[in-house]
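The values are calculated or read from the model by the stated rules, or taken from the named source; none is laboratory data. None of these values were measured; they are calculated from a predicted model. Cβ placement follows ideal geometry from the backbone for every residue including glycine, while neighbour counts extend to all protein chains displayed. Note: areas computed on protein heavy atoms with side chains; ligands, DNA, RNA excluded. Shrake-Rupley method; radii C 1.70, N 1.55, O 1.52, S 1.80 Å.
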Amino acid sequence: MSASFSPGGLLRRPEAGAALGLIAVLVFFAIFGGLTFLKPAGMASWLNVAANLGVIAIPLGLLMIAGELDISVGAMVPFGAMTVAVISGHYGLPIWLGVAVALSFGVIVGLVNGVLVVKTAVPSLIVTLGSLFAVQGIVLGLTVLITKSTSVALTVEGPAKALFGDFVLGGQLQVMVLWWLGLSALYIFFVHVSPFGNWIFAMGGDKVSARNAGIPTDRLTIILFVLSATSAAFVGMCQAILYNSAQVAGGQSFIFNAIISVVVGGVLLTGGFGSVVGIFFGTITFAIVTQGIYYTDFDRNWSSLIIGVLLLGAVLMNNTFRKMALSATTKKKGAKV
Amino acid sequence: MSASFSPGGLLRRPEAGAALGLIAVLVFFAIFGGLTFLKPAGMASWLNVAANLGVIAIPLGLLMIAGELDISVGAMVPFGAMTVAVISGHYGLPIWLGVAVALSFGVIVGLVNGVLVVKTAVPSLIVTLGSLFAVQGIVLGLTVLITKSTSVALTVEGPAKALFGDFVLGGQLQVMVLWWLGLSALYIFFVHVSPFGNWIFAMGGDKVSARNAGIPTDRLTIILFVLSATSAAFVGMCQAILYNSAQVAGGQSFIFNAIISVVVGGVLLTGGFGSVVGIFFGTITFAIVTQGIYYTDFDRNWSSLIIGVLLLGAVLMNNTFRKMALSATTKKKGAKV
Amino acid sequence: MTAPILALRGVNKSFGPIDVLHDITLEVKPGEVLCLLGDNGAGKSTLIKIMSGVHQPSSGMIEMDGQPVSFPTPRVAAEAGISTVHQFGGTFPLMSIGRSFFVGVEPTWGWGPFRVYDRKRANAIAVKAVQDMGITRISDGDRLVGGLSGGERQSLAIARAVHFGARVLILDEPTAALGVKQATHVLRIVNEAKRRGLAVIFITHQVMHAMAVGDHFAVLIRGAVAADFKKGEKTREEITDLMAGGASMASLEAEIEGFMASHDGHPPPPAE
Amino acid sequence: MTAPILALRGVNKSFGPIDVLHDITLEVKPGEVLCLLGDNGAGKSTLIKIMSGVHQPSSGMIEMDGQPVSFPTPRVAAEAGISTVHQFGGTFPLMSIGRSFFVGVEPTWGWGPFRVYDRKRANAIAVKAVQDMGITRISDGDRLVGGLSGGERQSLAIARAVHFGARVLILDEPTAALGVKQATHVLRIVNEAKRRGLAVIFITHQVMHAMAVGDHFAVLIRGAVAADFKKGEKTREEITDLMAGGASMASLEAEIEGFMASHDGHPPPPAE
Amino acid sequence: ADIAVVGGSNDDAFWNIIKKGIDDATPAVEANGGTVTYLRLVNYDNFAPDVVQLIRTAISMEVDGLVIPNWVPEAEDPAIKDAMAAGIKVILMNAGGADKATELGAINYVGSDEYVAGVAGGEYFAGAGQKNVLCINTLPGTANIEARCKGVIDGITGKGGKGAQLPLPSTSFGDATAVAEAIKAELLKDETIDGVITISAGDADSAAIAVEQAGKTGATKLGSFDMNQAGLDRIKAGTQAFAIDQQPYLQSYLAVSLLAANIDFGTDLPVFPVLTGPGIVDAGNIDATLAGVKLGAR
Ligand SMILES: Nc1ncnc2c1ncn2[C@@H]1O[C@H](COP(=O)(O)OP(=O)(O)OP(=O)(O)O)[C@@H](O)[C@H]1O
Ligand SMILES: Nc1ncnc2c1ncn2[C@@H]1O[C@H](COP(=O)(O)OP(=O)(O)OP(=O)(O)O)[C@@H](O)[C@H]1O
Ligand SMILES: [Mg+2]
Ligand SMILES: [Mg+2]
């Protein structure tokens, strides 16, 4: 969080390790993936992936900085997609209604998660695991009930299409990339520039002390859960509009992918430390690693191995840096999960 | 851990909540599932599922009591299955060799996980997420390289079949159920009766203090990781022998399922609290919830919803009890993930 | 006589079945240091948590300037001018000194939703406040709190409370982990706050510290006010006995000192 | 003169680039209490962590009974008869009193891999040890440690160390969070340990406590031994100044007391 | 010619055979100075977006030809059209069908169709006298998998029987025992079920045990989509009735070869569409099939 700009201070910032990890994988794939990987079309390929993941990863990362976790995003993506597809595709109602309902379902699930976490002592991992299953069940059950199918088509035109699900800038980049950049800028403002960010870090550092210091921890926790669930629903909705269709499906890969991006981005799993820029870099790193494989000549069967090793390497690198940054911080003990 | 046998003490034990949760779902499905659910064949149906899950959930639960997590079990199940299938099926080598190699791969992965967690400061969630991907990659890559297929057949007869992959007691129960009961008894002995268990609880309670008290925390951590990886490989191996075939895919559901079982069983996600008997009950509860659905008349499309709600209910119930038990323990703050 | 700033009237507090505080009536005036004394577990921390909005009283009333008030959250109490250093926690190891100092009350510039955290000002104020406490080594407000020693962190927390303590300053065992020099600094700060007309509530287990700053003493024994007296009304020995929960400490102290005397400061030969 | 049980010879310790201890030479004899004094961050805890196997010295030697030894882990030190109560932690909130007491050295019956933890015996011993410390309220060894008050927990940790401290007992600020009564109990225990012929290393920031039990004093200033003297060789004022890291505390104390005197114990009128 | 092939999940047996076909066709392409790149989905979690993403990746690689299954036409069509607009020649493989190929302007369609394959399975059951078939879906909601079960149900109901789908929650995916016990439970609950079909070869291993455990061996016939060694062994032993084979090896082998030859030499096949299935493997043709399995092509 320190905002000093000395070279030493720069290295001590949470995003330093993430930036180095990003450079490392860029070099790796520039060598093994060749030129196409760095051409505009190639860049669009991993930017698009990063954008969809990043819009979810940043609020999830903020939750993790605040010491919580949200697994239910995995189910919110298909929920958002299916909601808009059923309302505006199956029933043919106005797209804006579909968008509004999809987002408000995000808000509702986020509220339920947040209130359950705040009011009960159940850890958020378990609460959101429960809502993951529950929402999966709702999506499958309702969709089949309403449409007798698990795949619903949707055609959107006009401003809604341009705003949520189209390609921009030469037809390579999804409009989601712009959302991602814009939202990232907003998050950077609120987390690192406005005073609210301080509250999130304080909460993650020591929730009791944060409350004693006058921070409305309960309200903030609920807001963060609403943010992550709604962002996931938003991504699902945009995907449905972009791809003209929505499927009922797990969406579980978003969970692990987002968590990995956040951790590669330098957020401490135990809370209290991290940065939006770091998460941003971490998301790009993850997208490059997973997409870059396609540009190499490695046998596809080994891609999981390469991803696993690269990610572990990135986190290790990141950790070495964090250690350097906090070399004097030794008394902080805590559950290391 | 308290071993008092007064009625009050009984309610305060970590497994009390789990036992009540178990009774609740049993009653629920006895009402909605009818008689077949309680007939021997019906009971075998959830006992078999519980056994396969339970053999993994107990060591994973011990890791969680010790304050760590192991995600890589999700890849170890197919790894164990594929190893024995390739060695004894594809190459036709003796089954005992296949069993030995499958288990030793479990030991090796466990060692790698454990050493990485102990030597680096990377949280175990991330280390084992990395090894999850890496092992998935290795299984797919090696299997296709060797067998040109992702599914390998295996026919085992004689004592190995009877020992690892057959049905016993009227042909309904998998022999895994016996392993599960036996292993559970062993774990109960070592965790609750022998002095070693104390070390695990102490480690989870406060790792630094535990080390200062003379507990070999590093060695113990590594042993627990070896235990969980090997148990997962063992389950995979037995499934391959039972089903005469091994697939590269799958196994990821074991991760969430085992974590849920452990938490439903009353283990504290932040470590330091729990019991083997609780995990045992938690596993049965989970198995009943997921399998019981098939005995009811509920529309199958809603099963995820029912699972999510029932599990959340079980954890909430459990938590209410834990709170009663620890009503005086208020100063324990910690990362609540 | 000045009117009390903050007063408790017949406050009770129980956690579930456990009664922790019984019928507490207490008041603190501006420019006065109230020393809250008592054995471990007597309920001192619980009492001041009620005053600072962390806990709600089970029954009874809080009055500020003679008006009944309630503090549903710590924020409300802070806004009423009550500033507390709790016994545990209070700083954030992974945050910078400036940010940690201003947690929850960040200085900003700009307007509306676009208020911007004023890092420069926060750091400058925080560093100055800490240096005023005698910790002159700290000069960079961007340093992480985790890099400070226990005593330095404690001083930071106290500096924070003093800075925001518009009217009432509550310190729960602020000197427990501090070295002699740091503890003296804290005592000086308490006196300084008193001089500025703040009301101070000071909890300590050290008679010397209590006697050095206290104007008014309240002793809790098992959750009830067992004694409430002014400076000079009781001797050090009487206060010590009260702090020990009513036990006669004289005999205990005599025992130890007697032992030392009888061996003339030299250890006895090792036991067989 | 008895030979020292434990001695450090020219011990240095650095964490990465930070030098914490410089060339420490110290010894402690059976039946003797060594008081380790010093400012916050002087290196006291680091020093005793080296003696108890938590940290390894960067250079220098540890001797036991005149023989060079090394303590690669806390377990080795414990087996050599060194028992430590660290400044932080040491108890396990979610464990029973009996189990917490015996962590790492559980009493068992049976043989080989089938040794069984002897709950009855562990509870009985633990409860007795804690009651001997004056905490008579505790009678059930199955109670969870988390349900005890901070002072009770501290007492449990000390009782544990005393019970297992065959030869050397190290206490790092054991009285910091304790009430007057409990602190007196701890001091009594230190004397009792001394009487039994143990060597005791006692860290405290309270001069009174140090003077009540110490036979021998070592003062650390910024990681080096600044003074090493016997009971009676220095006055309370001199010791206080040394504990404050060489600062002259007399002036500070005078300042506070002078203030009090000048106002005759009454607060000045509230500042405008 | 530089060819990109988009395909299914990494560890899916079916798509691994597709890969074998690609690998076997590759040397011929490379002999003429071309390359073949296989772009596989990592999983089926985020199906349509991931597939489209792979098409875009292929476009960004500036390939000359694209072999692509048209699983989700609404989603994929725009991307395929973009590929064509970028000068990429397209062959539809495995999913989509002849009409779609014509509509999009693809060179050809090589494959069967999940739905048609399902119908074939349903009709096979009907032909064998089964009346009530349960289709086990371990990946509910996934478009191509749903089509299989829908086909089966339509196939059997079309012949006067009855069919239903059993969607298993994600908690049981990959847990052989959970799948087996779920099937067993259904068989115990509904005595009239006399046919079970699974959406993958691996699930059939579980289903075989489930049928045995339910005491329905012989009475309840077992079928599966796709095949593995264990399944074929069962067909040989008579404990499994059949497996639906789309001959995936041919799909990719032919698609890649046809596309490369079209780009490099301008050849064109008069056969349209090129159908590789559905074929049914049962006791009648088991031996020839087993030989192919050994080589990883079936
Ligand atoms: N949240 C809570 N729930 C239940 N009991 C509590 C809670 N907080 C405190 N107590 C109990 O209330 C009693 C008083 O605790 P408190 O912390 O106020 O004591 P204290 O006087 O501050 O002691 P110390 O000098 O050791 O800090 C203790 O017995 C404690 O266990
Ligand atoms: N593991 C570590 N890594 C880096 N620095 C450390 C470590 N442990 C202690 N230090 C530093 O060493 C110095 C001495 O610390 P130590 O804890 O020994 O002081 P102390 O004398 O016990 O102080 P106190 O009276 O506050 O307990 C401090 O500056 C501290 O920050
Ligand atoms: Mg207190
Ligand atoms: Mg210390």
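Could you check, for the stretch E:58-81, whether at least one of its residues is out of contact with any helix residue (DSSP H, G or I) (no Cβ under 6 Å at 6 or more places or on another chain) and of a type in the set (Ser, Thr, Tyr)? Within the stretch E:58-81, none of the residues are out of contact with any helix residue (DSSP H, G or I) (no Cβ under 6 Å at 6 or more places or on another chain) and of a type in the set (Ser, Thr, Tyr). Restricting the stretch A:287-299 to residues that are touching a Gly at 6+ places or on another chain (Cβ under 9 Å) and within 12 Å of chain B (Cβ to nearest Cβ), the residue that is surrounded by the fewest Cβ atoms within 10 Å (Cβ to Cβ) is A:Asp299. Only one of the numbered conditions (1) over 25 Å from E:Met227 (Cβ atoms); (2) modelled with pLDDT under 90 is violated by B:Thr155, and that is (1).
With respect to the conditions (1) more than 22 Å from the chain's Cα centre (by Cα); (2) more than 9 Å from chain B (Cβ to nearest Cβ); (3) outside any loop (DSSP other than H, G, I, E, B); (4) not aromatic (Phe, Trp, Tyr), A:Gly106 lacks only one, and its number is (1).
Filtered by the rule that a residue be surrounded by fewer than 22 Cβ atoms within 10 Å (Cβ to Cβ) and touching a Pro at 6+ places or on another chain (Cβ under 7 Å), the stretch D:162-214 gives D:Arg195, D:Gly197. Filtered by the rule that a residue be away from chain A (no Cβ under 12 Å), surrounded by fewer than 23 Cβ atoms within 10 Å (Cβ to Cβ) and within 16 Å of E:Tyr115 (Cβ to Cβ), the stretch E:65-84 gives no residues.
Does A:Gly250 fit the bill of being modelled with pLDDT under 90, within 14 Å of chain B (Cβ to nearest Cβ) and surrounded by 24 or more Cβ atoms within 10 Å (Cβ to Cβ)? Answer is yes for this residue. Annotation: B:Val112 fulfils all but one of (1) of a type outside the set (Ser, Thr, Tyr); (2) buried (at least 24 other Cβ atoms within 10 Å of the Cβ); (3) closer than 27 Å to A:Val263 by Cα; the unmet one is (2).
With respect to D:Ile158, determine if the residue is open to solvent by less than 20 Å² (accessible area, probe 1.4 Å) and within 16 Å of ligand 2 (Cβ to nearest atom). Here the answer is no, as D:Ile158 does not meet what is asked. Restricted to the stretch B:253-292, and to residues there that are of a type in the set (S, T, N, Q) and within 11 Å of the chain's Cα centre (by Cα), the residue that is farthest from B:Leu181 (Cα to Cα) is B:Asn257. Just for the stretch E:270-287: of the residues that are touching a Ser or Thr at 6+ places or on another chain (Cβ under 8 Å) and of a type in the set (A, V, I, L, M), which one is least open to solvent (accessible area, probe 1.4 Å)? Per the stated criteria, the residue is E:Val281. Residues that are under 23 Å from A:Asp206 (Cα atoms) and not aliphatic (A, V, I, L, M) do not occur anywhere in the stretch A:73-86.
Results for (1) out of contact with any Phe, Trp or Tyr (no Cβ under 8 Å at 6 or more places or on another chain); (2) more than 7 Å from every other protein chain (Cβ to nearest Cβ), shown as yes or no for each residue.
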site: B:Leu224; (1), (2): yes, yes
site: B:Thr230; (1), (2): yes, yes
site: B:Gly236; (1), (2): no, yes
site: B:Ala240; (1), (2): yes, yes
site: B:Ser245; (1), (2): yes, no
site: B:Phe254; (1), (2): yes, no
site: B:Val263; (1), (2): yes, no
site: B:Val267; (1), (2): no, yes
site: B:Val276; (1), (2): no, yes
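Table: residues versus (1) under 16 Å from C:Ala227 (Cβ atoms); (2) within 16 Å of ligand 3 (Cβ to nearest atom).
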residue: C:Asp23; (1), (2): yes, no
residue: C:Lys29; (1), (2): no, no
residue: C:Ile48; (1), (2): no, yes
residue: C:Gln56; (1), (2): no, no
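In the set (1) surrounded by fewer than 19 Cβ atoms within 10 Å (Cβ to Cβ); (2) within 14 Å of chain A (Cβ to nearest Cβ), B:Gly204 fails one condition alone, (1). Within the stretch B:69-100, the set of residues being under 26 Å from B:Ser124 (Cβ atoms) and among the hydrophobic types (A, V, I, L, M, F, W, C) comprises B:Leu69, B:Ile71, B:Val73, B:Ala75, B:Met76, B:Val77, B:Phe79, B:Ala81, B:Met82.
This table checks each residue for (1) more than 13 Å from ligand 1 (Cβ to nearest atom); (2) in contact (Cβ under 8 Å) with a residue 12 or more places away in the chain; (3) open to solvent by less than 10 Å² (accessible area, probe 1.4 Å).
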{"position": "C:Gly10", "(1), (2), (3)": "yes, yes, no"}
{"position": "C:Ser14", "(1), (2), (3)": "no, yes, no"}
{"position": "C:Pro17", "(1), (2), (3)": "no, no, no"}
{"position": "C:Thr25", "(1), (2), (3)": "yes, yes, no"}
{"position": "C:Glu32", "(1), (2), (3)": "yes, yes, no"}
{"position": "C:Thr46", "(1), (2), (3)": "no, yes, no"}
{"position": "C:Ser52", "(1), (2), (3)": "no, yes, yes"}
{"position": "C:His55", "(1), (2), (3)": "no, yes, no"}
{"position": "C:Met61", "(1), (2), (3)": "yes, yes, no"}
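Taken over the stretch E:17-50, the criterion of being touching a residue at least 40 places away in the same chain (Cβ under 8 Å), assigned to a helix (DSSP H, G or I) and not acidic (Asp, Glu) is satisfied by E:Ile17, E:Ile18, E:Lys19, E:Lys20, E:Gly21, E:Ile22, E:Ala25, E:Thr26, E:Ala28, E:Val29, E:Phe47, E:Ala48. Being modelled with pLDDT under 90, part of a helix (DSSP H, G or I) and within 19 Å of the chain's Cα centre (by Cα) holds for only one residue in B:Val177, B:Val226, B:Val235, B:Val191, and it is B:Val191. Between B:Val315, B:Val262, the distinction of being at pLDDT 85 or above, open to solvent by less than 30 Å² (accessible area, probe 1.4 Å) and of a type outside the set (Lys, Arg) belongs to B:Val262 only.
For the condition open to solvent by 10 Å² or more (accessible area, probe 1.4 Å) and aliphatic (A, V, I, L, M), E:Ala178 does not qualify.
Could you please let me know if C:Asp142 is farther than 24 Å from A:Phe273 by Cβ, in contact (Cβ under 8 Å) with a residue 24 or more places away in the chain and over 16 Å from the mean Cα position of the chain (by Cα)? No, not satisfied.
When the strands (runs of 3 or more DSSP E) confined to the stretch C:154-245 are screened for residues that are touching a Gly at 6+ places or on another chain (Cβ under 9 Å) and facing another protein chain (nearest Cβ under 9 Å), those reaching at least 1 such residues are found at C:224-230. Looking across the stretch D:21-65, the residues that are within 11 Å of chain C (Cβ to nearest Cβ) and within 12 Å of ligand 2 (Cβ to nearest atom) come down to D:Leu37, D:Gly38, D:Asp39, D:Asn40, D:Gly41, D:Ala42, D:Gly43, D:Lys44, D:Ser45.
Conditions (1) open to solvent by 10 Å² or more (accessible area, probe 1.4 Å); (2) not polar (S, T, N, Q), marked per residue:
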site	(1), (2)
A:Met43	yes, yes
A:Asn48	no, no
A:Ile56	no, yes
A:Leu60	no, yes
A:Leu69	yes, yes
A:Ala75	no, yes
A:Met82	no, yes
A:His90	yes, yes
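Can you pull out every residue in the stretch E:5-51 that is within 14 Å of chain B (Cβ to nearest Cβ), among the small types (Gly, Ala, Ser) and touching a Phe, Trp or Tyr at 6+ places or on another chain (Cβ under 7 Å)? Correct list: E:Gly7, E:Gly8, E:Ser9, E:Gly21.
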